[in-house]
Structure formats: C-alpha cells, structure tokens
1. Quick one: label points 7 angstrom along Cα→Cβ at residue A:121, distances to the other copies in nm, smallest first?
2. Between residue B:39 and residue A:194, what FRET efficiency follows from the Cβ-Cβ distance if R0 is 35 Å, with the result rounded to 0.05?
3. In whole Hz, what ³J(HN,Hα) sequence does the stretch B:126-135 give by Karplus (6.51, -1.76, 1.60; θ = phi - 60°), x for Gly and Pro?
4. Might you report the magnitude of the Cβ-based charge dipole of the stretch A:95-233 about its Cα centre, with Lys and Arg at +1 and Asp and Glu at -1, to the nearest 20 debye?
5. What per residue convex hull volume, in Å³, comes out for the stretch B:97-233 when only alpha-carbon positions are used?
6. Tell me the distances, shortest first, between residue A:143 and the same position across the other copies, using label points 7 Å along Cα→Cβ, in nm to one decimal.
7. Roughly what would the spin-label model give for residue A:201 and residue A:125, points 7 Å off Cα along C-beta, in nm?
8. Let me check I've understood the local charge: for residue A:42, count other residues with C-beta under 14 angstrom from its C-beta, Lys and Arg +1, Asp and Glu -1. What total comes out?
Number of protein chains: 2
Amino acid sequence: MRVEVLNSNEKVELQKEVITKVRDLINQKNLEPGDKLPSERMLSEKFEVTRSTIREAIQKLEFYGLLKSIPQSGTFVANIGVVAMNGMINDILRLEEPDFKSLVETRILLELKTARLAAIRRTEEDLNEIEKALDSYATKVTNGEDAVQEDLLFHLAIAKASGNSTMNTFMLIITPEIITNFAKYHVCDEAMAHHAIEEHRQIFEAIKVQDAQLAKQKMKEHFKVLYQYCYNI
Amino acid sequence: MRVEVLNSNEKVELQKEVITKVRDLINQKNLEPGDKLPSERMLSEKFEVTRSTIREAIQKLEFYGLLKSIPQSGTFVANIGVVAMNGMINDILRLEEPDFKSLVETRILLELKTARLAAIRRTEEDLNEIEKALDSYATKVTNGEDAVQEDLLFHLAIAKASGNSTMNTFMLIITPEIITNFAKYHVCDEAMAHHAIEEHRQIFEAIKVQDAQLAKQKMKEHFKVLYQYCYNI
DNA sequence: GAAATCTATTTGGTTAACCAATTATTGAAA
DNA sequence: TTTCAATAATTGGTTAACCAAATAGATTTC
C-alpha cells in the first residue's frame, strides 16, 4: 500500500490513476449495468492504494452517475453500458479546470434562459423576493458601497423564479467562482454600478409583466460588456 | 454526541441542520471573508454531531465555493460577504432534487449552445471524434441494436468540441440522469432511432462546414419531440 | 526590549479498527 | 434431494485514534 505524503496535485493525479484502473477493470471483466464491482478492500489491495483513495474515486464516479454504492452490499455499475461508461470516464479524466471565459459564457447562457423562464413562471412570492433583492442592491449602490453580493442575490433570485432546479443548481455552482474571478481580473467597473441599477429594474419590470422576450433582451443588454469580453477577445 | 443509526433521508436532513447552524454561527459571530471558523472538533461538540457529519457539511459548502479548508490550519469563509453567504446557503438548503423536465429543459439549452460553439471552434481532431461517434451510432441502429450509449457519446463529443469546459462538465452531470429517466418514462421511441441517424449526420455536417446557425437549427430539429414534451405539457 | 529558538498545542487530514446489515455457507431436518 | 434455519464471512459506512504541518506560547539569547 502506497504510504507517502501527498500534496493536492498528487492527490488528484492518484485519483485519476485509480479511476483509470476502475475503467480498465470494468472493461477487462466486461461488467454490465447492475454488475458488482470488487469490494473496496480488494480494490485497495489490487491497486495498491489506501481504501479511502478508492472510496473517493468511487464517490466521484457516483457523482457522475456511473456507479452506485449500496451499504453492506457493494458498489454496482449504474444503468449504463460498457461503451458509454468508457466514453464518460475518459471525458471525466480529461476535464480541465473551468477557465473564466468558459464560466462567463455559461453564465450568460443560463441567465438569458432563466430570465425568460422567470418571466413566464414567476409566482407573486418570487416577484417579491426579486424586488427585495433589487432594492437592497439599489440602496447599497446609491450609498456608494460595494454591492457585489446584492448583485449576485438579484440574479440568483431570478434563477430561483425560473422554476428550473437544474439551472438553479448550476447558477449556484458557477456564481461564486465568477465573483472571485471578477475581483481577480478587475472586469467590473465601479462606475457601471449606477447604470446597472436601471438595468436591473428593467429586467425586473419585464419579469413582472411576464414579457419573456423583453426579460431576455434586457438581461442581454445587462451582460453586454461581459458578452463582448467573451466573444470579441 | 448523537449516536443513532441514520438512513439516507435522515442523514440529508441532519446535514441540512448542520449547514443551518453554520450559517447562524457565521451571522452571530459576524464572520467576514477570510475569517476562520471554529475547528471541526469544536463544531462537532457545539452542534452535538459527529465530526464526520461536520466535515461533510463543510465539504458541501466548499463545493459551492462558500468555505475553504486549509490543512493543519482551519476552515475559512470564502471571499463572499455575510449577505451573499446567507442568500446562497438558503438557496442551497432549499434546492430540490432535479425533476426530469428541468433536466431535459437544461439539456436542450446546453446542446443548442454547444452545437453552435462546436461549429465555430471544433478542431480537426474534434471532428474526427464526432464522426467516429456518429458512425458507431449508425452501425448499431442499422443492425437493429440498442444505441442509447452511442447516441449519448455523439452528443458528448459535440460538447467536448464546444471548447467550453463548464458546459462540458454540466453535460456530463445531467446526461446519465437523463438516460436513466428515459428508460423509466419510455420517452424514446425505437422507430425514431433510424430517423435520428439522418439528424445526427446533418448536425455533424453543419459542424464540419462550420455553419454555427445551421448546427443549432439541426440540433433544435433533433430535439423537437423532447422540446414539445417540455413546453407543451 | 527585541529577535530567535524551542516546545506544546491545535489544526484538517488519514487510517485502522469497528459496526450493523447483508450475503454466503453450512448442515440439520424433512 | 430439497428446504430452511443457524452461523460465518463480507460489505460499505462510521468512528476514534493517530499524523504531520501549522500555529501559539514560552524560553533563551543578544
């Protein structure tokens, strides 16, 4: 059993090795959907890594829906055949850390859609929460304070009102990373904040009167600067 | 320390309780970005749960970019203020399991975009892989075999060619769930598979000649049935 | 009094032992 | 031979002890 001290990168690489070996094992043994993997202890011995490394690798493949662990029973291949299993594991292994441009591009895509959907589906309660977030943002900006957080919450309130839990989750995943990177790259401009109040209000109004196309249009204008950063550079 | 046997649901609920208490603690102590949380052992004692429960809750908040654990040092509040922290934690607590409709809606959104982007950005290698996936699919279908996996890999190859790692990741997350649910709801039709070959080929051709608008259009046609399922029901 | 060195404590992470549920095996009964 | 209860072995999950790095505190040195 490998017993070294590993830093963060080495740990990631080791996990990738283990995932590769799990893939090869599934191929070699021709495991079909529902078949059982060898026990964690056996894998740990076979791959010469600690059991917790095996567990973490399994949990990652479980996150992507490829494996399913059942307590006191075993780890099973999900309802996905050998071909798809191979393709997906290879994709997962190759996945790079998301770059800022990719995050922004995805954010814009999601937000144009959530704005449209929110206009169609928003409840009265949704509307109240969006308006509350809008007011908090406006107050902070007019007081000359930093309002990045309130900005974020306005957009998340719209995502919630979209009634699409998947998009809502995705927005929650990428938004903090965007904020962190914003600070890093200084993409945002203080002077823009005042203008953004009006843009937010227009988006809100469009959602209020349930004009989906207008909501999308106003959101697009709101992202104009970001959009250019993404596509013209 | 609470020492009961918990089933899966109770475990989720317990974790939500812990996350709520972490939120309250951050509020009560007015922890700002960069501030240190009490140690896992102290939280474990304070909240009367085992340390691993604390660790799992922290890991979840770390996944959403709200906390950052540093070995031998402590767990720190990420670069996000109290207001955003509260809003995001509340959103995370309220997040429902994604329903099928929400998954499909998001998949269509992502795929129309990845098709467009792939047409613009695909390399020759991307193109080869997409074509290989296309051929595998066509072969299987003409042989009368089930080709769900090959179908999946064709779409994932396009996602990879889009050059957007975030969208690629999101596609990898939702695709297996979609497949599983497809089988459950019997949305897919065997007879459609033959027609889908031609649709796939048209999408491929559009990406090949780098006609972004056409690629999106062909992808939209490909999703026509799914689209109707989503919006007209 | 300040700087530097040593020591003790605290930290998140890791691991080996443990747990209860499950599964496999055994063997007795019919 | 078949059935079924009893038992042993195996399983993923959990936990308490342990680890090395980081930090804080005490002590020494100048």
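1. The projected label point of residue A:121 is separated from its counterparts by 2.7 nm.
2. The formula returns an efficiency of 0.25 here.
3. So the Karplus estimates, Gly and Pro as x, are 3, 4, 4, 5, 5, 5, 4, 5, 4, 5 Hz.
4. The dipole of the stretch A:95-233 has a size of about 500 debye.
5. Dividing the Cα hull volume of the stretch B:97-233 by its residues yields 94 Å³.
6. Result for residue A:143, in nm, nearest copy first: 6.8.
7. 2.9 nm
8. Every neighbour counted, the sum reads +4.
Taken together, the values in this text are just the output of simple stated rules run on the coordinates, not laboratory data. Bear in mind that the values here come from a model prediction, so they are computed numbers and not experimental data. Please note: Cβ atoms are built from the backbone with ideal geometry, for glycine as well, and neighbour counts cover all protein chains shown.
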